[in-house]
Amino acid sequence: MNSMAASYEKSLLKSAVEQLSVGEGTGLVLLKVIYSNGHLNSSFTESFCEVELEPDTLFYFLSIFRRGALIIKNLYDSLAENVEQSSGEEQAVQKLLSFLDNFGAHGRHLASRKSRSEIEWTLQLCKHLFQELGSDEFIVDELSRDLGKVGSLEYRVCPCCQERLIGGVTNNTYIGHRKVWNGRLDVVLLGPDGNAVMPINVESSLEIKYGRQSTVGKAQTIAQSVVFSYFIKKVHPNLRNFLIPTITITKDEVLFTFYDPVEDMLIQSESMNLFDAASDMPEQLRIDTVVAVWLVLNYRLFGSGVCLDMIETGYKANFLAGKTEALNIYNNDLEFGVTIQSESLQSFACTNEGVYKRTVKGDK
Ligand SMILES: [Zn+2]
């Protein structure tokens, strides 16, 4: 069965694909690590990472989401190659189409953000962006600041719409190893199997401007991205590719960082605006950013990994090149703070009480 898009949705999708195919504004750059303290015991907040940009090339955002691009084009372009979708892809497409059905409403929910504390904004994002476009379940760092302000620990209600929050828990989001980079992630999105899929880093600003046309996030973003990618490679050694994304998001912008520990390639997007400054309505979301978030959240379905043009640049991240001992730790010994089964997570989120079984790992 093929999903059908209405004409309004088709025009939104077409414009998103056009924007994500122009490079400028939505492009991807390759990064090289000149020096980092990734071989030393360092928390994410104390991480140091000096990077250099590959000077010549800006890659299309869609160049690492070829499967996703094909499926979107298939939704709006009757001349596009017809693709048979897997059931997972079908579900993801339905989520995107229903998001577009309520495009204005989602924008209005997310637009009420300026006065929110970081944790309130985090919960709004989980409900109105990440759950709507990707993961149903998520873990919020139990040590987040301002936890008290959102009321009950179990986050029953979204701060903006007062609707019930389902599928989220607070827990231990520690990842890493005591001899290398390690620390807490703000949010971890979970897959249908209850396993960690992607970290979300909620920031007040994207600070470092770097290079000609691109914004590069803080060292912390790169550290979290590298650690999480190595962790995913360890626990899911059979993935088709290991280009794993990390989302860094403020109240206005989104930055995507990707690290592939097999190819040793570090890729970062330009910072993309969440809201459309050119629109008459300040709460209008940018469709290209929304589709980019959707592709990234569903990277296991739609991601095609590092593309050939990137490999042909010969520009590697050089992460800890020659530091074999530290790299062995990244490859073999990283730990994640929790292991949650999907069912127990559901019951915990719904009953709001009681003990649920979990395995807690991680060095303190
Ligand atoms: Zn809400």
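Each value in this text was obtained by applying a stated rule to the coordinates, not by laboratory testing. Note that the coordinates shown come from a computational prediction; the quantities given were computed from them, not determined experimentally. Positions of Cβ are generated from backbone atoms using ideal geometry, with glycine treated the same way; all protein chains shown enter the neighbour counts.
The figures follow:
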item	result
Nearest-0.05 FRET efficiency for residue 112 and residue 156, computed from C-beta distance (R0 25 Å)	0.85
Stretch gain in nm, segment residue 6-residue 323, where the contour uses 0.36 nm per residue and the Cα spacing is subtracted	108.7 nm
Mean residue ellipticity (222 nm) of the chain, computed from DSSP H runs ≥ 4 via -39,500 (n - 2.57), nearest 500	-9000 deg cm²/dmol
FRET efficiency estimate (nearest 0.05) - Cβ-Cβ, residue 193 to residue 37, R0 35 angstrom	0.55
Rounded FRET efficiency, nearest 0.05, which uses the C-beta distance separating residue 21 from residue 164 and R0 of 56 Å	0.90
Which listed pairs, of 127/316; 179/316; 95/233; 218/323; 114/316, have C-alpha distances above 29 Å, in listed order	127/316; 114/316
Label-point separation, residue 313 to residue 277 (7 Å along Cα→Cβ), nm	2.5
Residue with peak Gaussian network fluctuation, the chain [Cα springs, cutoff 10 Å], from 113, 67, 240	240
Label-point separation, residue 57 to residue 94 (7 Å along Cα→Cβ), nm	3.9
Whole-Å distance, taken between Cα centres, linking segment 29-82 and segment 242-319	5
